[in-house]
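To start, the structure itself, in structure tokens.
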Amino acid sequence: MKITDIMKKRMTFSFEVFPPKDHQPMEPLLDTLEHLYGFDPDFISCTYGAGGTNVGRNMEIMKTIKESGKAIPVTHYTCIGNKKENIRKDLEKYLEIGVNHILALRGDFPKGWEETRGDFDYANELVEFIKENFPEFCISIAGNPEKHIQANSFEKDITHLRAKQDAGGEYIVTQLCFNMDNYKRWVEKIRKAGVTLPIVVGVMPVLSRDPIIRMTLTNGCSIPRELAEIIGRYWDNPEDFKKAGKEYTVKLIYDYINTGIDGLHIYTLNKWEDVTDIIVAAGIRKLKEVPGLEEAL
Ligand code: FAD
């Protein structure tokens, strides 16, 4: 079953996880996955280190999810520092382990880099390559409701999004965006520009002060007044910050669902307990389906 087929019938529900660093054990993530399966997600995506760091672990996680039979595994994949021959080999390996969903990305430049130093400069070229050589893949692409930080203009960024659609992208997964007005304006603009793809909205749980400030600012995203107040009010109180942040995240999820999205994708940050609180409070999935939930609450 392709994710895009599910979307034709209903809104999808999914998670993003990231691989542990090479020297760290896999067990905590395996435990996280077991808990996330309890929510019956349609798919679980796993990040991919730009430049190919942690590739082995990404594959291992993809294989684990595939073998569980409990969610469709979606790998992120970047073209930073990547040559066609290597990309070809990696994609063959994904297909061998039964992974045929891919989020095709350029990736963020490692420190000091100003170009990809690989065969492709932009994600649309990677999408085109996958489409031509590996038509088995269902390809998703990244979208930035508040403009990609390196794009010269909002309009140009949308033109580039359109190029990814035209190259073969089948659905969009969005960058974090806390500003609903900006999100709605972006949807209106991309539709006018002929971008017709389904949109899976990525939601970043608000759990601790510094990561939220870092992630919003490094991605050029705005911090709405309500979130700014939470940051200011609970500046020195991580516990209350988390409590208020979770409530804020639940409200954000409602707001997104009310706009009529095609999918809801939670960036879990590998924190299943906090994510569980948010999902249960938002009423998206039933309590009894989640192993270990009662102890967590
Ligand atoms: P592109 O679509 O190539 O765009 C990059 C920039 O170039 C944009 O400013 C765009 O406007 C511009 N551009 C695009 N095409 C052209 C063109 N033809 N000519 C001129 N300019 C152009 N990063 C990771 O390293 N690993 C991950 O696992 C990962 N997962 C992500 C998941 C999601 C849902 C999102 C939204 C982002 C993720 N990222 C990840 C971050 C992503 O790699 C960065 O945002 C990166 O800087 C851009 O990737 P892209 O695929 O959007 O690039």
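Out of the stretch 8-56, which residues are in a helix (DSSP H, G or I), over 16 Å from Thr268 (Cβ atoms) and away from the ligand (no atom under 12 Å from the Cβ)? Spell out the reasoning first.
Going through the stretch 8-56, the residues in a helix (DSSP H, G or I) turn out to be 8-9, 27-37, 55-56.
Checking which are over 16 Å from Thr268 (Cβ atoms) leaves us with 8-9, 27, 55-56.
Lys8, Lys9, Glu27, Gly56 - these are the residues of the stretch 8-56 that are in a helix (DSSP H, G or I), over 16 Å from Thr268 (Cβ atoms) and away from the ligand (no atom under 12 Å from the Cβ).
Among the residues of the stretch 125-137, not a single one is acidic (Asp, Glu), open to solvent by 70 Å² or more (accessible area, probe 1.4 Å), near the ligand (Cβ under 8 Å from one of its atoms) and in a loop (DSSP other than H, G, I, E, B). List the residue pairs whose Cβ atoms are under 8 Å apart, where the first residue sits in the stretch 145-159 and is under 24 Å from Val203 (Cα atoms) and aliphatic (A, V, I, L, M), the second is part of a loop (DSSP other than H, G, I, E, B) and modelled with pLDDT of 95 or more, and the two are 6 or more positions apart or on different chains. Hits for this filter: Ile149/Asn219; Ile149/Gly220; Ala151/Asn144; Ile158/Ala193; Ile158/Val195.
Taken over the stretch 142-190, residues that are in contact with a Pro (Cβ under 9 Å, 6 or more places away or on another chain), among the polar types (S, T, N, Q) and within 11 Å of the ligand (Cβ to nearest atom) amount to 2.
Assessment of the stretch 150-161 against the conditions (in contact with a helix residue (DSSP H, G or I) (Cβ under 9 Å, 6 or more places away or on another chain), within 23 Å of Met7 (Cα to Cα), open to solvent by less than 80 Å² (accessible area, probe 1.4 Å) and not in a helix (DSSP H, G or I)) yields no matching residue. Figure legend. Inter-residue proximity from the stretch 171-188: first residues open to solvent by 30 Å² or more (accessible area, probe 1.4 Å), second residues part of a loop (DSSP other than H, G, I, E, B), beta-carbon distance below 6 Å, spacing 6+ or different chains. Indicated pairs: Gln175/Asn144; Gln175/Asn219; Asn179/Ser222; Asn179/Pro224; Asn182/Pro145; Asn182/Glu146.
The values are calculated or read from the model by the stated rules, or taken from the named source; none is laboratory data. Small disclaimer: the values here were computed from a predicted structure and weren't measured. So basically every Cβ, Gly included, is an ideal-geometry build from the backbone, and we count neighbours across all protein chains shown. With ligands, DNA and RNA removed, areas are computed over all heavy atoms of the protein, side chains included. Shrake-Rupley method; radii C 1.70, N 1.55, O 1.52, S 1.80 Å.
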